[in-house]
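Heads up, the thing below is written out as structure tokens.
Every number here is computed from the coordinates shown, using simple stated rules; none is lab data. Just so it is clear, the model here is predicted, and its values are computed rather than measured. Virtual Cβ from ideal backbone geometry, glycine too; neighbours counted across all protein chains shown.
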Amino acid sequence: MSYNISTMYIWKFFNENCVCPVCEIRKKMDADISEMYLSEAVMENEERKKVNKYGFCKDHYDLLYLGTNKLGLALQMQTRVKTIGALIKNYTDVKKAQKHAKAIQKRLETCVICNTLNFNMERYYETIARLYKDDEKFRNVTFKTIHGLCYGDYLNLINYAHKAGKYSAEFLATLHEKQTASTNDLIKQLNDFTMAFDYRAKTLPSKSASLSLKLTRVKVYGDKTNLPERK
Ligand SMILES: [Zn+2]
Ligand SMILES: [Zn+2]
């Protein structure tokens, strides 16, 4: 399945005051790709073959299950389960059985949606760094207004810093500055939250302090994807 890398989402989410704009891009793309696996498009032969071979990871299975096409999911899983079922063999030799178990384990760990998502996210990291190089407004205004990133995406962008060309060092410096400031903010919010439990505390946790655990979820582990609600 092809997916267009659009700078539109980069502009959109880097201008929103979120914990991690890259997570927002990923969530949007994840929801779009997952939706495709609930549409008629997945009944095409080429896609069916991919689903049979790679299947869905647990998170994507759960996401698809929450979607609106249970029949489509059942049809896809029917052939996927057959594929896995065909791998099961009876061994009397323990070593051979254990080697085969490892091979099946590997086959169970793949996911057709994660494959597409990861492939396209690599293109997004690169496009973000290139945009930083090529677009003065993105470099001097938009990128400077972000709050920070989750740690995973902070590292992902560092991996593509060379794509910012002559602005690579500046790109790294801004990333570092944003990440340090947002980390300090989060530490402060967690501190305020824990302090409110102190028996000497006279005030209830402030709203931002009680959000601190939610922010920590995104900062440390990245954000979760939800499928858009249907009317
Ligand atoms: Zn992120
Ligand atoms: Zn997956």
**Message:** Placing unit charges on C-beta atoms (Lys and Arg positive, Asp and Glu negative, everything else neutral), compute the dipole magnitude of the chain about its Cα centre in debye, rounded to 20.
**Reply:** 780 debye
**Item:** Cα pair distances of the range 1-104 binned at 5 Å [whole percent]
**Value:** 2, 10, 17, 16, 13, 13, 11, 8, 5, 3, 1, 1, 0
**Request:** Sort Val94, Val51 so the one with the fewest other Cβ atoms within 10 Å of its own Cβ comes first.
**Result:** Val94, Val51
**Item:** Footprinting exposure proxy for Thr68, Thr216 (fewest neighbouring C-beta atoms within 10 Å first)
**Value:** Thr68, Thr216
**Message:** Whole-Hz ³J(HN,Hα) for each residue in the range 147-159, computed from phi via Karplus 6.51 cos²θ - 1.76 cosθ + 1.60 with θ = phi - 60°, x for glycine and proline: what do you get?
**Reply:** 7, x, 9, 5, 5, x, 6, 4, 5, 4, 6, 4, 4
**Fill in**
Everything considered on the Cα gyration tensor (a ≥ b ≥ c; rounded for a/c under 1.5, else prolate if a/b is larger than b/c, else oblate), the range 37-94 must be described as prolate
**Complete:** Karplus ³J(HN,Hα) for the range 183-193 (6.51 cos²θ - 1.76 cosθ + 1.60, θ = phi - 60°; Hz, whole; x = Gly/Pro) runs 5, 4, 4, 5, 4, 5, 5, 5, 5, 4, 5
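Let me have the 222 nm mean residue ellipticity of the chain computed from DSSP H runs of 4+ only, each contributing -39500 (n - 2.57), with the sum over all residues rounded to the nearest 500. Write down the numbers at each step before the final one.
Details: 11 runs with 149 residues, N = 231.
Rounded to the nearest 500, the figure is -20500 deg cm²/dmol.
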**Message:** Let me see the P(r) profile for the chain: every Cα-Cα distance counted, bins of 5 Å, each bin given as a percent of all pairs.
**Reply:** 1, 6, 11, 14, 13, 12, 12, 11, 9, 6, 4, 2, 1, 0
**Message:** Which residue fluctuates most in the GNM of the chain (Cα springs below 10 Å): Phe138, Phe119, Phe13?
**Reply:** Phe119
